[in-house]
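Inspection log for the structure reproduced underneath, given as structure tokens.
The values are calculated or read from the model by the stated rules, or taken from the named source; none is laboratory data. It should be emphasised that the depicted structure is a prediction, and the values quoted were computed from it without experimental measurement. Cβ placement follows ideal geometry from the backbone for every residue including glycine, while neighbour counts extend to all protein chains displayed. Only protein heavy atoms, including side chains, enter the accessible area calculation; ligands, DNA and RNA are left aside. Shrake-Rupley method; radii C 1.70, N 1.55, O 1.52, S 1.80 Å.
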Amino acid sequence: MPESAADCRPIPFVLVFVIAALAILLGVYAVPESFSLAVFDAQAITKAAIYLGATMLMMCYVDAFRSRCLRGFVTIALVLLALGCAIPFFGSERALWGPLQHGAINSLYLLVGLLAFLHFSLHTMPRAWRQSLTPRRSDWIGAALVLGVALYRDYDPSLRVAENLIGLGATGIAILVGALLCTLLMRHRARGLALA
């Protein structure tokens, strides 16, 4: 599907980015260790908030391979997120770095890698593959990628099945909610006339 004029509307993407960034920030900073919701503990809720935001961003990221306008928006978003990774280092000495600082460094590496892949792969990725992308296809691919990462990172064979299901259940719900939110906010992409 060619890029459409609707892809170049910035407001829907800004809304997606703000909601996703707030969800990630809430997951990282705002969930107290004693907080719980039904059968979900603080750790499961923290992961869920982060995966919700990551799902929205990844869906837009995959669609950026189809659309030049979205590629520009996603590039700016990745740079802003990378700058946000510097927040945990303010006022902290290297000797006092904890999981938050190390997580920020890992996130920074990931963001730089995603940005490089987005731009350099455009020269090597088959044109037919990019042209076969549609908003719906890119949404499915983005959500599936985040789900795959969640299963790889969070499934623990040493835990009982019930314990794994509780954690993965919260993550699965968050990925579904993130996917629905992103699809709703970005539904305009399938409309509009193709750009010349």
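Values for this structure:
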| read-out | value |
| --- | --- |
| Solvent-accessible area of Phe117 with every protein chain in place, 1.4 Å probe, in Å² to the nearest 10 | 110 |
| For Ile50, net neighbour charge (Lys/Arg +1, Asp/Glu -1) across residues whose Cβ lies under 14 Å away | +1 |
| The chain - percent relative contact order, Cα under 8 Å, separation 6 or more | 39 |
| Charge-dipole axis of the chain as Lys and Arg at +1 and Asp and Glu at -1 on Cβ define it, positive-most pick from Ile141, Leu22, Leu52 | Ile141 |
| Furthest towards positive pole of dipole, Ala6, Tyr155, Gly113, structure part the chain, Cβ charges | Ala6 |
| Per residue solvent-accessible surface (Å²) - the chain, probe of 1.4 Å | 59 |
| Candidates Gly169, Gly178, Gly142, ranked by Gaussian network fluctuation over the chain, Cα under 10 Å, top entry | Gly169 |
| The chain: angle of helix 135-154 to the longest principal axis, Cα-based, in degrees nearest 10 | 20 |
| Solvent-accessible area of Ile11 with every protein chain in place, 1.4 Å probe, in Å² to the nearest 10 | 110 |
| For Ser4, distant residues with modelled amide H under 5 Å away | Leu195 |
| The chain: angle of helix 10-25 to the longest principal axis, Cα-based, in degrees nearest 10 | 10 |
| Tensor-based shape of the range 37-175 (alpha-carbon gyration tensor, a/c under 1.5 rounded, otherwise prolate or oblate) | oblate |
| Magnitude of the charge dipole, the range 10-193, Cβ model with Lys/Arg +1 and Asp/Glu -1, debye to 20 | 1000 |
| Sulfur and carbon atoms: percent of accessible area, the chain [1.4 Å] | 71 |
| Crossing angle, helix 99-120 versus the chain [Cα axis fit, 0-90 degrees, rounded to tens] | 10 |
| Added length on full extension, which subtracts the Cα-Cα distance from 0.36 nm per residue, Val149 to Ser92 | 17.5 nm |
